[in-house]
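What follows is one structure encoded as structure tokens, with my remarks underneath.
None of the figures in this text is laboratory data; all of them are computed from the coordinates on show. Keep in mind that what you see is a predicted model, and the values were worked out from it rather than measured. All Cβ positions, even for glycine, are placed from backbone atoms using ideal geometry, and neighbour counts span all protein chains on display.
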Amino acid sequence: MKANQFSRMSFTGLVAALVSAMLVSTAGATLLSDLVADPNLSVVSGDKIFKNFSVLSIGDGSFTVDPTIDVTPIATPDFGLKFASVTGAPIMTAGIESAVDLLIGFDVVIDADPKWADFFLKDIALKFEAAAPSDGLAQVVESALDGPTVVGQTSVQLPGGPMQADVNLPQPWDGKTIHIIKDAMVIGGKTEGAQIVWIEQTFSQVPEPATLGLLGLGLVALVRPRRMARALLKGAPRLLVLAGLLTVVGAANQAWATPLSDLVQNPANSITQGDKLFDNFTVNVNGVGTFYANPSTIDVYGVTLGNEYGIRIAGLMAALSNRTPGSSVTMVIGYDVTVMDPLLGIEDITLGFNGVATTGDGIAKVEEVVSKIPGGVVASAYADSLNPPTSLNDHEYLMNQLVLAKVHVEKTVTLVGGRSGMTTISFINQTFSQREIPEPATVGLLALALPVMLLGRRRS
């Protein structure tokens, strides 16, 4: 199903005072569909530039995603974005026992103007308006990525709340840029639907410590890019693969996502990203109670995170113990990864995801094993929702410094809702880095030389 095309609407932005006499005006609103269709478009709010938008939407049952979603710069007084329908209608709805999931990605960049040279991103604030019954769900999960690593995560949800939340960002990167993956999820109950009306997001920023001393101010300029944007679709009882135009770094065109079920049912289907080929997909699902883990409503597509190529598995995965106590589900996904450059091989794996559990007895986790082909485990990785954002990531080298041209990955995804909570996952990132494969002769020489080197060390 293709994304609908919509005309652009303009809007006069707010004016915010940043430093005493310094005034910054915001730019006009832009339709999300336009931002996805044209990678040259961006939204400016104060000192922040929001660009490289992508969107993926999948649903099941009776649902809607408003096609007239505007991305509007805001200053509250912090700088950020609001995702809301031009018509004032909810941006997404799910009817009785139906669901819809919307994944939006974009970059946040502090303006290159020299006057912002000493500022860095400090935190993320998230807020939304929604409605959901006690056995349904309206949730937005916000993830901030530095390359393949999730460095910050926050969420808002109903029932149970909170309706707004903040999270501080660490500073392992340059502090000037970050990639946001915003997931909005709506699940209707047994007798009543659910909806999200709008989403607001800001990022606060502060001067570096030396600059703070010079300014003598506790100035905070924030940006809150929103996790919003739904672009389309009215649902039929099947999955709805929205025009998920995912921007692929280094590629001339945008890539289309492929349902996991299609990859499994047709062995000829595969995903190519950079120098990596992903094929031979398998899947197995087992669950109890109320859960969502339908391979037809989970998409797979290529991503480039930092300088690593890989895939993203995205879609609605949930265990709803608020509807059926003790709900849980396990999905096992397998696939092969081949480096198409004959001189290069895989040397490590990086795993990241956005699992969220609303109660302490719930957990979302991903366990994976990487094997040689044929046979033999060479690496394993693990991530869970217990201590975000640190626990949401894992990076492991292949054992014994191996470099392999082809490996098999088996990923076990588990969601446990607990006694009465809700546990969700909407994306799992898997990337690989590679280096040259040592020639057999070189490996043999190194193996012979190592004992001699060690003996010489002992003598000295």
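The Cα atoms of the range 103-195 define a convex hull whose projected area, averaged across directions, is 6.7 nm².
Want the number for Arg435 to Val86: 0.36 nm per residue separation, take away the alpha-carbon distance, what's left? Don't skip to the answer; put the middle values down first.
Numbers: separation 349, 0.36 × 349 = 125.64 nm, distance 4.91 nm.
The Arg435-Val86 span can extend by a further 120.7 nm.
Neighbour counting of Cβ atoms within 10 Å sorts the residues Arg323, Arg312, Arg419, fewest neighbours leading, into Arg419, Arg323, Arg312.
Restricting the calculation to alpha carbons of the range 258-438 gives Rg and Dmax of 16.4, 55 angstrom. For the range 24-169, averaging the sequence separation of C-alpha pairs within contact (under 8 Å, six or more residues apart) and dividing by the residue count gives a relative contact order of 19 percent. Ranking of Leu404, Leu344 by neighbouring Cβ atoms within 10 Å, starting from the fewest: Leu344, Leu404. In terms of other Cβ atoms within 10 Å, Val283, Val65, Val369 run from fewest to most in the order Val369, Val283, Val65. 3J(HN,Hα) along the range 397-409: 7, 5, 5, 6, 6, 5, 10, 10, 6, 8, 9, 10, 10 Hz, from the Karplus curve 6.51 cos²θ - 1.76 cosθ + 1.60 with θ = phi - 60°, whole Hz, x for Gly and Pro. Electrostatic tally near Thr338: other residues with Cβ closer than 15 Å to its Cβ, Lys and Arg +1, Asp and Glu -1, net -2.
Summarising the amide proton neighbourhood of Glu192: residues at separation of 5 or more, or on other chains, whose placed amide H is nearer than 5 Å comprise Glu97.
Between beta-carbons, use under 12 Å as the cut-off and find the net charge around Pro267, counting Lys and Arg +1, Asp and Glu -1. The partial results should precede the final answer.
Details: positive: none; negative: Asp262, Asp279, Asp336.
In short, -3.
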